[in-house]
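The values are calculated or read from the model by the stated rules, or taken from the named source; none is laboratory data. Note that this is a predicted model, so its numbers are computed, not measured. Note: ideal-geometry Cβ built from the backbone for every residue, glycine included; neighbour counts use all protein chains shown. Please note that ligands, DNA and RNA were not included when accessible areas were found on the heavy atoms of the full protein model with its side chains. Shrake-Rupley method; radii C 1.70, N 1.55, O 1.52, S 1.80 Å.
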Amino acid sequence: MSARILDGKSLAADIRREIADDAAKLHAATGLAPGLGVVLVGDHPASRSYVTAKEKACAAAGIRSRELTLPAHASRQDILAAVRDLNQDATCDGILVQLPLPDAASEREVIEAIDPAKDVDGFHPVNVGKLVLGLPTFVPCTPQGIVELLRRAAIPLAGAHVVVIGRSSIVGRPLSILLSQKGVDATVTLCHTRTPDVARFTQQADIVIVAAGRPNTLRAEMIRPGAVVVDVGVNRVPDSTRATGYRLVGDVDFEPVAAKAAAITPVPGGVGPLTIAMLLRNTVEAARRQRHPPA
Ligand code: NAP
């Protein structure tokens with residue numbers, strides 16, 4: 001393997017220390033620590049473990065969290081009531097509804113019920129619109145974390161051709177908008193399942209970012225030597241040698257791609273830790289804006 005490993009865990013640790021300093025200053029200035037309200041519906045193990053990891057990271061950064069846990073059979077009205085409760089709670093500067101919801105059909109309505117000023121995931125249409133317009137907003141955590149990771153790893157984005165695989169509204173699409181903004185200045189190609197011959201695009205890319213949710217979506221023959229590869233995917237594959245019965249893999253065929261790439265993010269320990277760090281950053285930013293609104 002020749003690629004430089006982009007260690008998201010250690011970059012995220014640096015960022016979390018910076019955020020803890022910001023949170024402490026805000027706490028000292030206003031007498032109240034920044035706060036995150038979390039809505040968790042159901043007991044899906046992956047969602048539970050994501051929420052626990054986020055709350056642990058909040059505590060370590062001096063951010064309070066308030067969790068509202070609802071049963072899997074909670075009605076749409078119950079979930080909306082929980083969101084309204086957090087909207088009204090002055091100690092909650094940010095609100096996170098852990099997705100997916102058991103009833104996927106209600107997700108849009110629930111996201112739209114969040115006060116846009118507390119929407120630290122950046123999924124509310126008002127904030128998505130601001131992102132598209134290049135206005136200050138809450139940038140979704142995973143796209144923001146990827147750009148932060150590349151910046152801190154000194155990988156130039158301005159002028160780079162970046163190919164993104166995946167067009168979801170939480171990763172690929174907002175990432176493509178962020179990368180093409182003035183000041184970031186990448187040239188972006190966005191691929192999806194209807195793209196004929198994805199390899200034709202990835203072979204020309206300086207940077208390939210894969211957010212497809214399928215193992216081995218990016219294989220070595222699909223990149224040019226010296227490309228930078230960011231693996232966003234988190235997939236559980238059966239592994240009888242593990243106590244859990246599974247292991248986590250990304251969307252990239254890691255070993256052969258790492259042998260050809262200049263730099264690559266591992267899974268786990270790549271993009272994931274940056275995503276959590278950006279949630280903390282957005283929460284402290286939400287607190288700052290609500291306590292010191294611009295004149
Ligand atoms: P998603 O909503 O399922 O979207 C997947 C996207 O990938 C879709 O746009 C799909 O195209 C496209 N796609 C799938 N297979 C493809 C292929 N073979 N070629 C080209 N495009 C393909 O998934 P998501 O929510 O964006 O998440 C993607 C992955 O990232 C998942 O593994 C998820 O667990 C992971 N994730 C990680 C983090 C983190 O912090 N590390 C955060 C969020 C998500 P169509 O639109 O045409 O169907």
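Taking the DSSP bridge list for the range 141-271 and keeping only pairs wholly inside it, about 20 percent are antiparallel. Here the peptides 131-144, 2-15 are ranked by packing, the mean other Cβ count within 10 Å, and the order with the highest first is 131-144, 2-15. Distance between the 7 Å Cα→Cβ label points at Arg291 and Ser10: 3.3 nm.
Amide H to amide H distances under 5 Å link Arg224 with Ala205, where only residues 5 or more positions off or on other chains count and H is placed in the peptide plane.
The shape of the chain comes out prolate: with a ≥ b ≥ c from the C-alpha gyration tensor, a/c is at least 1.5 and a/b beats b/c. The helix-only estimate of mean residue ellipticity at 222 nm for the chain, built from DSSP H runs of length n ≥ 4 each weighted as -39500 (n - 2.57), is -13000 deg cm²/dmol after division by the residue total. Close amide-amide hydrogen proximity is noted between Val41 and Leu70, Gln98, each under 5 Å apart and 5 or more residues distant or on a separate chain (H modeled in the peptide plane; Pro and chain starts excluded). Could you tell me which of rounded, prolate or oblate describes the range 31-115, using a ≥ b ≥ c as the square roots of the eigenvalues of the alpha-carbon gyration tensor, with rounded for a/c under 1.5 and, failing that, prolate when a/b is larger than b/c and oblate otherwise? Judged from the Cα gyration tensor, the range 31-115 comes out oblate (a/c at least 1.5, b/c at or above a/b). From the Cα gyration tensor of the range 89-163, with a ≥ b ≥ c the square roots of its eigenvalues, which class applies: rounded if a/c is under 1.5, or else prolate if a/b is larger than b/c, or else oblate? Here the range 89-163 falls in the prolate category. Once backbone amide H atoms are built at 1.01 Å from N, Ile165 has Cys191, Ile209, Val210, Ala211 as its partners under 5 Å, excluding neighbours fewer than 5 places away on the same chain.
Working note: Karplus 6.51/-1.76/1.60 with θ = phi - 60° gives the range 95-107 the couplings 10, 10, 9, 5, 9, x, 7, x, 9, 4, 5, 8, 4 Hz, where Gly and Pro are set to x. Relative contact order, percent, of the chain when contacts are C-alpha pairs under 8 Å separated by at least 6 residues? RCO, the chain: 22 percent. Pairs of alpha carbons in the range 141-271 separated by more than 23 Å make up 26% of all such pairs. Evaluated over the chain, the count of Lys pairs having alpha-carbon atoms less than 25 Å apart is 11 (only pairs 8 or more residues apart or interchain). Measuring nothing but how far apart in sequence close Cα pairs (under 8 Å, 6+ apart) lie, relative to its length, the range 141-271 scores a relative contact order of 21 percent.
A dipole drawn for the chain from +1 and -1 charges on Cβ atoms has a positive end, and of Gly226, Val38, Val184 the residue lying farthest that way is Gly226. Quick check on the chain: of the DSSP beta bridges with both residues there, what percent are antiparallel, nearest 5%? Close to 10 percent.
Modelled label positions at Arg194 and Arg66, each set 7 Å beyond Cα in the direction of Cβ, lie 4.3 nm from each other. By accessible area, using a 1.4 Å probe on protein heavy atoms only, the range 31-115 has 56% of its surface on carbon and sulfur.
Our note on the geometry: Cα centres of the range 33-48 and the range 59-133, 10 Å apart. Sequence-ordered 3J(HN,Hα) estimates for the range 138-145 from the Karplus curve with 6.51, -1.76 and 1.60 and θ = phi - 60° stand at 8, 7, x, 5, 5, x, 4, x Hz, glycine and proline given as x. Between Thr241 and Ala153, the modelled labels are 2.5 nm apart [label points 7 Å from Cα along Cα→Cβ].
Sorted on the mean count of surrounding Cβ atoms within 10 Å across their residues, most packed first, peptides 149-156, 185-192 read 185-192, 149-156.
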